[in-house]
Amino acid sequence: DIKELLEKNRMVFLVGEEYLYEYFKEDMVIYPEMVCYNGFQEIYWPILVRVFEEAEKEMQENKNEIEEYYEKNADTLIQHIKEGKPRILFFTSYFTTALKFHTRDCMQASSKLGCEVQLLMEPDGIHRVYYRDIFRTIKRFKPDIMFNIDHFRYEYKMFPKEIVWVTWIQDPLPHILDDKTPSKLSENDFVIYTGMEGKKVWQTFPRQMFAPLVANNDIYKPYNMDKVEIEKYGADLCMVCHAADAEKGAEELLGLLEGEDRLIVKDMLRDYYNLVDAGGQIFYTQEGMADFIDKYAKQFYATKLSDSFIAFLAEKMCLDLAQRMYRQIVADWLIETGYYKIKLWGNGWLESPKYQGYAMGVAQNGVILSKIYQSTKIVLGSNFFATGMARVWESMLSGAFYLGNYIPPEVDAIDVRKVLREEDNLVMYYNKQDLLDKVEYYLSYEEERRKMAERGRQAALKGMTYTALMQNMLDFLKKSLDA
C-alpha cells in the first residue's frame, strides 16, 4: 500500500524513456543515487548519462554567459539600485522553518515597492537546489541584488562578484560568529542585522544596517470577528510561547547526570526557580549563570565543580531551562493572584497538569494568531533573551495592548527600546509586583489600554513592517553605493 507515500509526495513515477529524459531536465530535480533494476543499465542508464552530460554543458555555458553579462553591466546594476527599482533574487530553502516565511514576506514587500522579484527555493521536499539551478535562475532573471537570511556569498562561490549581496542576520550561527567572517566579505556584500548586541563580532561587519525582526501587516491586522471567534480566542491575558515545560526540561537534564552531580543540580534547579519566583535576580547571561552555579555548589555542598561542568550547566540553563522557568513563573504570578481568564498558547503548556485549565495548544501563525491577539485585552511578553521579537509587532499590528517584560539593555539581544519609547507607545513590567500592578491598572482602565494599543499599532505601522524594512534596506544600499 503506497497511498501514504503518495500523499506525502515521497514518490515519483516516470513512465517511458521520453518522459524520463524530460523529467531529469527540469529545475531542481534530484538525480538518483541508487538504481535497483536489472534492465536499467541497458535501457535507461544511457538516457541519464545524456541528461548529466547536457546539464554539465549547459551549466558551463550559463556560467560563461553570466560572467560576461555582469562584467559588461556592473554599472547598470548599481544604477538600478540607486533608482530604487532593482531586480532582487531571494534565495532560501524549503527546509527552513521561519526563514522561508520571512523571505516570502520580504519578497512581497519588495514587489509592493516596485522591484522585480523572484524566489529561488525548492517547491517541495523532493526537490533540491543545485548549482545548475542557480545558474539557470541567474541567467533568466539577471538579478541586481541577492537577498539571503543567515548566509553569505562566500559560502557558495559561484555568484558573480558584481551582484550586490545582502545578508539579513537573524541567528547566532557558528559561521556568523566566527571573527574571520567579516574579512571574507567583498565590497558588494552588505549586512542587515536584528540586533544581538552581545555578539560583538557582528559589530565588526562592514556595511551594516540595524534591522530588527518585523511583522507582515497584511496578515497581522484588526479583523471583523463574530461572537463565536471572540469567545473562542478572547481572554483578559494571554501568552504565546513554546518551551514552557520546565519540569520536562529539568528531567531531561537530570537524566544526563548521576551521583552527587545529579543531587546538586536537582537542588540548584529548585532553588533557582524559587529565587526568580520570589522576585529575585535573573541571570540572563551564561557568565552570570556560571557564577551562580559555582557559588551555589560551594555554599551548599562545599564542592568546587569543574569549569567544564559549570560551563555545560550554564549553557543548558541560559539557552533552555531558564527560559522555560521564567515563562511558567510569570503565569504562576498571575494565576496565584486570582487572574483566571488567561490563555496560554504553545506546545509546552500542555505538558504540565497545573496549566491544563489555561493551556490552549499551538496558536497557528497568521490570521488565527492575529485574531487571538486582537481579542485579548493584554498580551504578555515573556521572551528571556530579547524584548524586540516579531511577537511584539504582530500583536501591536493586530491592535492588541502589549505588556512586555523588562530585560536590561546591556543583555537585551534585540532591544525594543531602540524603536519604541516607554510610556509613550510601550509598557514594560520590571518584576512581579510591577506586573501585577500594571495588569490590574490596564484591565481596570479600558480607555487607557485602548489608547496605548493604538499608539503601539501606529508606531509598528510606521517602522516595523516588511515594507518599511525593505525600503530602509534600499535606502541603505543607495546611500552606501553613493559614498
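Before moving on, here are some points about what is shown:
- For segment 413-456: span of alpha carbons on each principal axis (Å, largest first): 31, 26, 11
- Averaged over residues, the count of other Cβ atoms within 10 Å places the peptides 254-265, 114-125 in the sequence 114-125, 254-265, highest first.
- Potential extension, residue 41-residue 64 segment - 0.36 nm per residue separation minus Cα distance: 4.9 nm
- Annotation for segment 1-57 versus segment 214-282: alpha-carbon center distance of 47 Å.
- Annotation: amide H of residue 209 within the under-5 Å range of 191, 192, 193, sequence separation 5 or more or interchain, hydrogens built in the peptide plane.
- Using all pairs of distinct alpha-carbon atoms, the Kirkwood hydrodynamic radius of segment 215-267 works out to 15.5 angstrom.
- Nonpolar atom fraction for segment 15-82, defined as the carbon and sulfur part of the 1.4 Å probe accessible area, stands at 50 percent.
- Amide H contacts under 5 Å for residue 244: 348, 349, restricted to partners 5 or more places along the chain or on a different chain, H placed in the peptide plane at 1.01 Å from N.
- Cα-projected label distance for residue 236 with residue 454, points at 7 Å along beta-carbon direction, nm: 2.5
- Extension gain for the segment residue 483 to residue 131, taken as residue separation times 0.36 nm less the Cα-Cα distance, is 123.3 nm to one decimal.
- Under Karplus coefficients 6.51, -1.76 and 1.60, residue-wise ³J(HN,Hα) of segment 331-342 in Hz, glycine/proline x: 4, 4, 4, 6, 5, 5, 7, x, 8, 10, 7, 10
- Of the three principal axes defined by the Cα atoms of segment 331-483, the extents in descending order read 59, 31, 30 Å.
- Prolate/oblate/rounded call for segment 186-276, Cα gyration tensor, a/c under 1.5 rounded: oblate
- Compactness check for segment 294-369: Cα Rg over 2.2 N^0.38 Å is 1.53.
- In this structure the amide hydrogen of residue 359, modeled in the peptide plane, comes within under 5 Å of the amide hydrogens of 344, none closer than 5 places in sequence on its chain.
- Per-residue Karplus couplings for segment 61-72, computed as 6.51 cos²θ - 1.76 cosθ + 1.60 with θ equal to phi - 60°, are listed in order as 5, 5, 4, 5, 5, 5, 4, 5, 4, 6, 5, 7 Hz, Gly and Pro entered as x.
- Taking a quarter of the surface of the Cα convex hull of segment 14-140 gives a mean projected area of 9.8 nm².
- Computed 3J(HN,Hα) for segment 297-303, one whole-Hz value per residue from the Karplus formula 6.51 cos²θ - 1.76 cosθ + 1.60 where θ = phi - 60°, is 5, 5, 6, 9, 10, 6, 10, glycine and proline marked x.
- Distance distribution P(r), the chain, all Cα-Cα pairs, bin width 20 angstrom from 0: 20, 45, 31, 5, 0 percent.
- Rolling a 1.4 Å probe across the protein heavy atoms gives segment 393-483 an accessible surface of 46 Å² per residue.
- Taking only the alpha carbons of segment 357-427, we obtain Rg and Dmax values of 12.6, 37 Å in that order.
- Taken per residue, the accessible surface of segment 246-326 reaches 52 Å², heavy atoms only and a 1.4 Å probe.
- Rounded to the nearest angstrom and listed largest first, the equivalent-ellipsoid semi-axes of segment 71-229 from its Cα gyration tensor are 27, 21, 17.
- Residue 218 paired with residue 25, simple spin-label distance in nm, labels 7 Å along Cα-to-beta-carbon: 3.5
- Rounded accessible area per residue of segment 48-156, 1.4 Å, Å²: 47
- When peptides 354-362, 176-184, 315-323 are sorted by average Cβ neighbour count within 10 Å, with the highest value leading, the order is 315-323, 354-362, 176-184.
- The fraction of accessible area contributed by carbon and sulfur in segment 331-450 is 47 percent, rounded to a whole number (1.4 Å probe; ligands and nucleic acids excluded).
- Projected over all directions and averaged, the alpha-carbon convex hull of segment 119-181 occupies 5.2 nm².
- Remark: for residue pairs 100/157; 85/462; 112/227; 25/184, the C-alpha separation exceeds 24 Å in 112/227; 25/184.
- Listed peptides 243-249, 289-295, 392-398 by packing density, highest first (mean Cβ within 10 Å): 392-398, 243-249, 289-295
The values are calculated or read from the model by the stated rules, or taken from the named source; none is laboratory data. Note that the structure is predicted; figures quoted are calculated from it, not measured. FYI the Cβ positions are ideal-geometry reconstructions off the backbone, even for glycines, and counts take in every protein chain you see. Side chains are part of the model used for accessible areas, which takes the heavy atoms of the whole protein and leaves out ligands, DNA and RNA. Shrake-Rupley method; radii C 1.70, N 1.55, O 1.52, S 1.80 Å.
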